[in-house]
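Single-structure report; data block below.
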Amino acid sequence: MIRIDIDICKRCGRCARVCPSAVYTQEKGEVPVVRKAKNCIQCGHCVDVCEAFAIQHSDFPAENIHRVQKENIPSASSLMELMKSRRSNRTITPAPIPSEALSDIIEAAYVAPTAENSRKVKVTLLQGEDIQAVEDATMKFFLRLANILMSPMVRPLTKLFLRDLYNEAAELYRFERKWREGKRPCTCNGTALLAFSTPKGYDFGWQDCNLAYQNASLMAEAHGISQIYMGLVQTALKFIGRKKTERLLHLPKNHKLYALMALGMPAFYYPNYSDKPKK
Ligand SMILES: Cc1cc2nc3c(=O)[nH]c(=O)nc-3n(C[C@H](O)[C@H](O)[C@H](O)COP(=O)(O)O)c2cc1C
């Protein structure tokens, strides 16, 4: 249900101007008219642009509409400082992440923009044994691969044709030693993992999930919590397969993983940030 309270509407017509789905029409100087409520994509632009709170929208009850507190919005320079000082801090300790911070990080993910406001992204939180299972699956996948590529028969070919993989083998065996000591090198010892997924077949999964990821990442940084993109794990999961990934990460049924974040409390913070070298 969408209604306009004609007693308080200022007839500015901004709701009609900002609506991306042409729900409203307006004759100059008149109260806008709700023409195609069924077109509404629940983006909330109309209720948020209305100075007078004149729009009654069943998806946006009055208590869910907030006046923007301009003084709470970070300045461009503080936002830039946050983005420049954000690091993938891998010194994660076993200390628990405060639950309010974790809630903020997940909420930040869900407020990111999505294609056509479809909001299909699901953020799944993994902790404890579930992270160990992801670590073990990743490590075992790469060890199997390395054992093939570095076997005496194949090794010369690997050296010749897969130089990068050949060079990375030493790093992998270093990871293996750590893993056998009970550490979790692939998941950077994260105490929480956030899996970003959308239904299989949805066209904007990559985009929506990674926008959600970046929101969550900056919120984590603002809370002083380490966050690291789990590219290595995602590479392994791609080979392990979608169904198994779905089970391992407890994704909703028929969801596809597009981004994975490790989180945890760092041992220390970086006192500096440096300008990125030119590429
Ligand atoms: C797509 C992607 C995948 C990544 N995968 C990993 C990973 O598997 N393990 C890891 O420790 N860091 C990973 N990183 C973190 C990068 O190494 C890191 O962002 C980069 O070195 C820059 O450092 P900074 O994030 O501290 O600025 C990944 C980053 C991105 C964007």
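The values are calculated or read from the model by the stated rules, or taken from the named source; none is laboratory data. All values reported here derive from a predicted model rather than from experimental measurement. Please note: Cβ atoms are built from the backbone with ideal geometry, for glycine as well, and neighbour counts cover all protein chains shown.
The helices (runs of 4 or more DSSP H) found entirely in the range 155-274 that carry 2 or more residues being under 18 Å from ASP104 (Cβ atoms), within 19 Å of the chain's Cα centre (by Cα) and more than 12 Å from the ligand (Cβ to nearest atom) are 205-222.
Of everything listed in (1) surrounded by 14 or more Cβ atoms within 10 Å (Cβ to Cβ); (2) within 16 Å of the ligand (Cβ to nearest atom); (3) modelled with pLDDT of 95 or more, the single unmet condition for ALA133 is (2).
Please go through the range 214-234 and give me each residue that is in contact with a Cys (Cβ under 9 Å, 6 or more places away or on another chain) and not β-branched (Val, Ile, Thr), ordered by number. Passing the criteria: SER226, MET230, LEU232. When the test is whether a residue is assigned by TED's automatic domain parsing to the domain that holds CYS209, surrounded by 14 or more Cβ atoms within 10 Å (Cβ to Cβ) and either hydroxyl-bearing (Ser, Thr, Tyr) or at pLDDT 95 or above (or both), THR25 does not pass it.
Filtering ALA267, ALA262, ALA216 for residues that are hydrophobic (A, V, I, L, M, F, W, C) and surrounded by fewer than 16 Cβ atoms within 10 Å (Cβ to Cβ) leaves a single hit, ALA267. Of all the criteria given as (1) more than 16 Å from the ligand (Cβ to nearest atom); (2) in a loop (DSSP other than H, G, I, E, B), the one not satisfied by SER88 is (1).
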